[in-house]
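Trainee: Below you'll find the structure I mean.
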Amino acid sequence: MDSLYPVSYTHLSLVFNTEIDEADIAKIVLDQSLKVTLEAFPDRAIPLTVSMIDFASHVSESGANVYSVKAALPTDSNYRIGMSGDAEIILSE
């Protein structure tokens, strides 16, 4: 599953936010692997893990019922709040 979402700042750490459609949310678990590629660093796939899955859904801009999923980014990096990127969640390894 791929999606384009921004980096945000939460509790003194950078977080990558993505939205997962309700049809796919049952496939996502905490500590699951994902790869994020930020627009500013297109040649760098960042290995992350799912750190939070929202309990409640919301409606996306396209009208789909989705859940927010977050993954913490390394703090000792050149990543900045508001950077956009693409997330690929690893469903099986």
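Trainee: Counting only residues that are farther than 16 Å from residue 20 by Cβ and of a type in the set (Asp, Glu), which one in region 34-88 is modelled with the lowest pLDDT?
Mentor: Among those that are farther than 16 Å from residue 20 by Cβ and of a type in the set (Asp, Glu), it is 76.
Trainee: Just the residues that are touching a residue at least 12 places away in the same chain (Cβ under 8 Å), open to solvent by 60 Å² or more (accessible area, probe 1.4 Å) and under 16 Å from residue 13 (Cβ atoms), please, taken from region 34-76.
Mentor: Matches in region 34-76: 49, 51, 52, 75.
Trainee: Give me the pairs, please: first residue somewhere in region 77-92 and at positive phi, second residue anywhere and open to solvent by less than 40 Å² (accessible area, probe 1.4 Å) and not hydroxyl-bearing (Ser, Thr, Tyr), beta-carbon distance under 8 Å, and either six or more positions apart or on two chains.
Mentor: 82/7
Trainee: Look through 91, 14 and report the one residue that is open to solvent by less than 60 Å² (accessible area, probe 1.4 Å) and modelled with pLDDT under 95.
Mentor: Result: 14 is the single residue among 91, 14 that is open to solvent by less than 60 Å² (accessible area, probe 1.4 Å) and modelled with pLDDT under 95.
The values are calculated or read from the model by the stated rules, or taken from the named source; none is laboratory data. Only a predicted model underlies this, so the values are computations on that prediction, with no experimental measurement involved. Because the Cβ atoms are built from the backbone with ideal geometry, glycine has one as well, and the counts that use them run over all protein chains shown. Accessible surface is based on the protein model in full, side chains and every heavy atom, while ligands, DNA and RNA are left aside. Shrake-Rupley method; radii C 1.70, N 1.55, O 1.52, S 1.80 Å.
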